[in-house]
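These notes are about the structure you will find just below.
The values are calculated or read from the model by the stated rules, or taken from the named source; none is laboratory data. Everything quoted here is computed from the prediction, not taken from an experiment. Here the Cβ positions follow ideal geometry from the backbone for every residue, glycine too, while neighbour counts run over all protein chains shown.
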Amino acid sequence: MKKYSFTEKKETRAGFGAGLLEAGRKNPNVVALCADLVGSLKMESFVKEFPNRFFQTGIAEANMVTIAAGMTIGGKIPFAGTFAVFATGRSYDQIRQSIAYSNKNVKICGSHAGVTLGEDGATHQILEDIGLMKMLPNITVINPCDFNQTKAATLAIAEYFGPVYLRFGRPAVPNFTPANQVFEIGKAVLLNEGKDVSIFATGHLVWKAIEAAEILESKNISAEVINIHTIKPLDKIAILESVKKTKAVVSAEEHFLNGGLGDSISQLLSRNFPAPMEMVGIDDKFGQSGLPDELMKKYNIDTINIVEAVENVLSRKTNCC
């Protein structure tokens with residue numbers, strides 16, 4: 001198994017801020033909007049360097065995304081940022097009608113997603129945002145795993161034409177992907193080759209999947225780990241190639257089981273290559289206030305839960321195949 005390590009933990013939201021600044025330097029049409037959360041989304045550097053290309057809309061998220069849609073008509077590339085719960089839930093009608101339906105080149109940037117938002121509790125811990133966004137035609141959905149990948153994703157979507165939902169988080173997480181990586185929208189990243197089971201992970205759960213694979217190796221279980229940073233469009237070829245080899249699947253995500261990555265993979269497999277599958281995610285429960293690590297344990301989306309899911313799916317594989 002390939003060994004991964006990290007020298008520091010960094011916030012994915014900081015990767016967004018760094019990527020936004022660099023994208024602004026590369027393209028004068030890149031503009032930013034924010035709903036009174038500049039500090040939380042690490043947009044200060046962009047605001048300082050490009051004050052005339054930044055628009056503070058106040059706590060009016062639906063208005064913000066509508067303004068962003070209008071800006072695209074003049075050739076601008078707007079990045080509209082706020083907490084994920086407001087970027088998607090509070091603005092859904094405007095996103096559907098003014099951005100998705102019209103295929104406007106708006107980048108919807110949702111920070112503080114999932115239970116790892118922590119102490120702010122259920123009202124701010126959106127767990128259905130991937131489902132909300134992936135069901136809308138024309139919208140690309142991206143959920144990177146660390147600082148470096150979030151920065152690379154931000155730069156990539158600035159060059160991509162079309163509406164995008166970029167999801168990232170609040171906590172500092174292991175920063176282990178290459179700083180000079182080229183981010184390919186819709187292209188999964190193979191992190192570890194294996195023969196017994198395919199683990200497809202996204203966002204904060206990618207590092208947990210790597211940890212799980214190391215534990216499984218000590219149990220003589222060979223796990224293939226693939227980073228699905230783009231939920232839509234899904235890398236169907238990479239997923240099917242892996243599952244045809246291992247014939248057992250585990251998905252892992254910080255999202256509701258309904259509507260998330262596992263849901264997309266199960267639909268793909270049911271149509272093309274049915275195989276035993278377990279899903280690590282949150283099962284139809286709101287979050288609550290707590291420390292991020294505590295909440296990941298409470299809601300069964302930690303390293304050990306991925307290990308257990310693999311053991312469960314392998315028992316089913318043995319029995320059925």
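Some notes on this structure:
- Total residues in the stretch 287-304 satisfying the condition of being surrounded by 15 or more Cβ atoms within 10 Å (Cβ to Cβ) and within 19 Å of the chain's Cα centre (by Cα): the figure is 9.
- Across the stretch 6-22, the qualifying residues are those that are in a loop (DSSP other than H, G, I, E, B) and within 21 Å of the chain's Cα centre (by Cα), and the one among them that is nearest to LEU117 (Cα to Cα) is GLU8.
- Of the residues making up the stretch 81-88, none is in contact (Cβ under 8 Å) with a residue 40 or more places away in the chain, assigned by TED's automatic domain parsing to the domain that holds GLY169 and surrounded by fewer than 17 Cβ atoms within 10 Å (Cβ to Cβ).
Matching residues to (1) in a strand (DSSP E or B); (2) touching a strand residue (DSSP E or B) at 6+ places or on another chain (Cβ under 9 Å); (3) assigned by TED's automatic domain parsing to the domain that holds ALA158:
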{"site": "GLY24", "(1), (2), (3)": "no, yes, yes"}
{"site": "ALA62", "(1), (2), (3)": "no, no, yes"}
{"site": "THR72", "(1), (2), (3)": "no, yes, yes"}
{"site": "PRO78", "(1), (2), (3)": "yes, yes, yes"}
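- Close pairs (8 angstrom Cβ cut-off, 6 or more residues apart or separate chains): in contact (Cβ under 8 Å) with a residue 24 or more places away in the chain and crowded, with 24+ Cβ neighbours inside 10 Å in the stretch 253-274, part of a loop (DSSP other than H, G, I, E, B) and among the acidic types (Asp, Glu) anywhere: HIS255/GLU128
- Annotation: GLY281 fulfils all but one of (1) part of a helix (DSSP H, G or I); (2) surrounded by 15 or more Cβ atoms within 10 Å (Cβ to Cβ); the unmet one is (1).
- Number of positions in the stretch 17-34 that are in contact with a Pro (Cβ under 9 Å, 6 or more places away or on another chain) and in contact (Cβ under 8 Å) with a residue 60 or more places away in the chain: 1
- Contacts under 6 angstrom Cβ, first residue in the stretch 107-124 being of a type in the set (Ser, Thr, Tyr), partner surrounded by fewer than 22 Cβ atoms within 10 Å (Cβ to Cβ) and outside any loop (DSSP other than H, G, I, E, B), 6 or more apart: THR116/PRO292
- Elements of type strands (runs of 3 or more DSSP E) contained in the stretch 82-188, each with 3 or more residues being under 26 Å from LYS9 (Cα atoms) and within 14 Å of the chain's Cα centre (by Cα): 107-111, 164-167
- Given (1) more than 30 Å from SER218 (Cα to Cα); (2) not in a loop (DSSP other than H, G, I, E, B), number of the condition LYS42 does not satisfy: (2)
- Top-ranked residue in the stretch 189-205 [being among the polar types (S, T, N, Q) and assigned to a strand (DSSP E or B); ranked as surrounded by the fewest Cβ atoms within 10 Å (Cβ to Cβ)]: ASN192
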